[in-house]
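Bear in mind these aren't lab numbers, they're just calculated from the coordinates by the rules spelled out. Model, not experiment: these values are computed from the prediction. In this analysis, Cβ positions are derived from the backbone assuming ideal geometry, glycine residues included, and neighbour counts consider all displayed protein chains.
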Amino acid sequence: MENKLIVSLDVPNLKIAEKLLDELCPLVETFKVGSQLFTAEGPKIIDLIHKKEKKVFLDLKFHDIPHTVAETARVATALGVFMFNVHSAGGFEMMRAATTAAKKEAERLKIKKPLILGVTLLTSFNQQMLTETGVTKKIEEYVLQLAQQAKEAALDGIVASPQELKFLREKLGKDFIMVSPGIRLQVTRYPLSATRFREDDQKRISTPAEAIKDGADYIVVGRPIINTKSPIEAAKKIIKEMKE
Ligand code: C5P
């Protein structure tokens, strides 16, 4: 179960990232580098994680014309990351260009091709926010359409809300990788019957246990770990919940 937890290093610089890495390395196998840290530090952060013999999920959610995304996929592959992602809304051609380029580059360098994931609909969206973008479909329908396109384009999997995992797993089969952010621990509130989540900006959330039960191959957790007094204790708690 330990290997299913990906910790999101959503911090401003290398120094803070290294402190977190050193604390979490005994427990965590894969770290996610997103646009904040990558914009600040560039490939240095990838090298640092690799030096500590850990894997990188490069979460830059590429979304551009197919040629640009293909060239970027080539560079991400050469960095030796374990996985990276593109926005499925970028379309079939763009996703296909990314997989083809990554495959060719991995063959050329004689390394393993990174897993490429399609981001379906961000977990910070609810139905009203989706409608406001001009998409009139229901969230489930829209997410399924994006996920199916990702599969047709030979991506290895998707990033999806834990709330959609069960139904996506049924539709997409068991070999398609599903990664879920939007993970929150339940906080018990008095009276005891009432529970609440600290949601932050996330909308379509679940607990670690539910996400795993519903078929997540990996869960991505940021603030519930990195914004606590003891990130290692928070990570332990999440792993314990995943096992339940
Ligand atoms: O702090 P929190 O656990 O909400 O962090 C979730 C992380 O996962 C953030 O880095 C966010 O950018 C990322 N993410 C997401 N939804 C997606 C893809 C990535 O929240 N669909």
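The table below lists the values:
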item: Most positive-pole-ward Cα, V119, C25, I46, against dipole of the chain from beta carbon charges; result: C25
item: Residues of type lysines that K203 reaches as a straight line, Cα spacing below 17 Å, ignoring anything fewer than 8 places off in the same chain; result: K138
item: Relative contact order %, the chain, counting alpha carbon pairs below 8 Å whose residues are six or more apart; result: 19
item: Peptides 52-61, 217-226 ordered by average Cβ neighbours within 10 Å, highest first; result: 217-226, 52-61
item: Cβ crowding within 10 Å averaged over residues, with 28-34, 157-163 ranked highest first; result: 157-163, 28-34
item: Percent breakdown of C-alpha pair distances by 10 Å bin, ordered from the shortest bin, for region 5-243; result: 8, 31, 37, 21, 3, 0, 0
item: Cα centroid separation - region 146-189 against region 55-101, whole Å; result: 18
